[in-house]
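Read through the structure below, which is laid out as structure tokens, and then see the notes.
The values are calculated or read from the model by the stated rules, or taken from the named source; none is laboratory data. Bear in mind that the values here come from a model prediction, so they are computed numbers and not experimental data. When we count neighbours, we look across all protein chains shown, and the Cβ atoms used for this are built from the backbone with ideal geometry, even at glycine. Heads up: the accessible areas ignore ligands, DNA and RNA and are worked out on the full protein's heavy atoms, side chains in. Shrake-Rupley method; radii C 1.70, N 1.55, O 1.52, S 1.80 Å.
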Amino acid sequence: MSFPVHRPRRLRRNELLRSFVRETRLGTEGLVYPMFVGPGTRVRNEVRSMPGIYQQSVDQLLEECREVEQLGIPAVILFGLPERKDERGTEAHAATGTVQRAIEAIRRANLKLLVITDVCLCEYTSHGHCGVVEEGEVLNDPTLEILAETALSHARAGADIVAPSDMMDGRVGAIRRKLDAHGFAQVAILSYAAKYCSGFYGPFREAAQSAPQFGDRRSYQMDPANAREALREVALDLEEGADLVMVKPALPYLDVIRLVRERFAVPVAAYNVSGEYAMVKAAAQNGWLDEQRVVLEILTGIRRAGADIILTYHAKDVARWLKAC
Ligand code: PBG
């Protein structure tokens, strides 16, 4: 029995019916807004390739966090720009670093926001790599202690969740042990478990001033052609103690999000990265795409693929649009 008995269009006749049978609902609950914090006061510089996104000082960041809270977005993820870079990314774990001071300011203001911090060295190292470099090689094991110290400094400042994005082997375990040894067993780890070596991070590297000064990240970030390997990365991070796992970027890796969702019973996050944001913004500014329509479609697609949590620079706009609906 088929047409004319079956008519899928019956359930598409009007918005009441369509929303009644809708499978994927986009709300603000799982959104995370990424923010860049740097030194100084009253600094607020728009990132050229990311309209609407700023590098800003702690005071300005706090003002924007109030707005984020009011919009009903539950979480922010913080990226730091240091005063000074060095070979070993020392400022990443300074108690008085920009990220640490930003976390403290958000905590003092008593905002109803989950504070997630990116744990990595690339913004803090003079060479722009995510780990310690010797003779042109990014060294794995010597990097782990610095990452763990960085996560600990974020926990001490009041972070709820630390998110290692460096892709060194064993970093989740090193961070878990360090946090537990210092009384921070309650701080969760969101691991960038399947992080691909992607061209879509271009605008972020301008925002975070973190482009590698030589070579690329192919010896630590994943090959875009591999999906099975993502499952291995996720399994290892969960064994080491990750509480939530991330797939990054989102759009070219929807299949990976789906695979991870089906295989593991933990919250899955997807990072709708800077290049994905920049493409939409550029096309919208040219009048080539309807921004609201495509952003909601993109985020619905990421959610439909299986992401519970979405990190996106569109978060504030989406919250406003959903409120207006
Ligand atoms: C740091 C880091 C990067 C991103 C998040 N954390 C850049 C990179 O790996 O080069 C990218 C985020 C984005 O593009 O929005 N390792």
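Of the residues in the range 271-325, how many are assigned to a helix (DSSP H, G or I), closer than 24 Å to V47 by Cα and of a type in the set (D, E, K, R)? Step through it out loud before you land on a result.
If we filter the range 271-325 for residues that are assigned to a helix (DSSP H, G or I), which is where we start, we get 274-285, 291-305, 315-324.
Filter once more, so that each one left must be closer than 24 Å to V47 by Cα: 274-285, 291-296, 298-299, 315-321.
Pick out the ones that are also of a type in the set (D, E, K, R) and you get 276, 281, 291, 293, 316-317, 320.
Looking only at that region, the number is 7.
Which of the numbered conditions does M246 fail, given that it passes all the others? Conditions: (1) within 14 Å of the ligand (Cβ to nearest atom); (2) among the aliphatic types (A, V, I, L, M); (3) not in a strand (DSSP E or B).
It fails just one condition, (3).
So which of T98, T90 ends up being open to solvent by less than 30 Å² (accessible area, probe 1.4 Å), among the polar types (S, T, N, Q) and at negative phi? Spell out the reasoning first.
Working: T90 fails: open to solvent by less than 30 Å² (accessible area, probe 1.4 Å).
None of the other options fit; the residue is T98.
Among the residues that make up the range 265-286, is at least one of them within 16 Å of the ligand (Cβ to nearest atom), touching a Leu at 6+ places or on another chain (Cβ under 8 Å) and open to solvent by 30 Å² or more (accessible area, probe 1.4 Å)?
No, every residue in the range 265-286 fails to be within 16 Å of the ligand (Cβ to nearest atom), touching a Leu at 6+ places or on another chain (Cβ under 8 Å) and open to solvent by 30 Å² or more (accessible area, probe 1.4 Å).
Could you list, ordered by first residue, the pairs with Cβ atoms under 6 Å in which the first is in the range 71-82 and closer than 22 Å to C325 by Cβ and the second is assigned to a loop (DSSP other than H, G, I, E, B), at least 6 apart or interchain?
These pairs meet every condition: G72/T28; I73/T28.
How do the pairs read when you match residues in the range 205-222 that are in contact (Cβ under 8 Å) with a residue 12 or more places away in the chain with residues anywhere that are among the aromatic types (F, W, Y) and within 9 Å of the ligand (Cβ to nearest atom), using Cβ under 6 Å and keeping only pairs 6 or more apart or on different chains?
Sorted first by the residue in the range 205-222, then by its partner, the pairs are A208/F79.
Working carefully through the options Q209, Q213, Q186, find the one that is within 17 Å of the chain's Cα centre (by Cα), surrounded by fewer than 19 Cβ atoms within 10 Å (Cβ to Cβ) and assigned to a loop (DSSP other than H, G, I, E, B).
Details: Q213 fails: within 17 Å of the chain's Cα centre (by Cα); Q186 fails: within 17 Å of the chain's Cα centre (by Cα).
None of the others qualify; the one that does is Q209.
So M168 clears everything in (1) in a helix (DSSP H, G or I); (2) surrounded by 15 or more Cβ atoms within 10 Å (Cβ to Cβ) except one condition, right? Which one?
Evaluating M168 over (1) in a helix (DSSP H, G or I); (2) surrounded by 15 or more Cβ atoms within 10 Å (Cβ to Cβ) leaves (1) as the failure.
Select from the range 223-242 the residues that are under 23 Å from I77 (Cα atoms), open to solvent by 10 Å² or more (accessible area, probe 1.4 Å) and without any contact (Cβ under 8 Å) to a residue 60 or more places away in the chain and list them in ascending order.
Passing the criteria: E233, L238.
So which residues in the range 99-109 are touching a residue at least 60 places away in the same chain (Cβ under 8 Å) and in contact with a Ser or Thr (Cβ under 8 Å, 6 or more places away or on another chain), if there are any at all?
Scanning the range 99-109 gives a single hit, V99.
Return the pairs, sorted by first residue and then second, in which the second residue is of a type in the set (S, T, N, Q) and open to solvent by less than 10 Å² (accessible area, probe 1.4 Å), the first residue lies in the range 117-131 and is touching a residue at least 40 places away in the same chain (Cβ under 8 Å) and over 13 Å from P164 (Cβ atoms), the beta carbons are less than 7 Å apart, and the residues are 6+ apart or on different chains.
E123/S210; G128/S210
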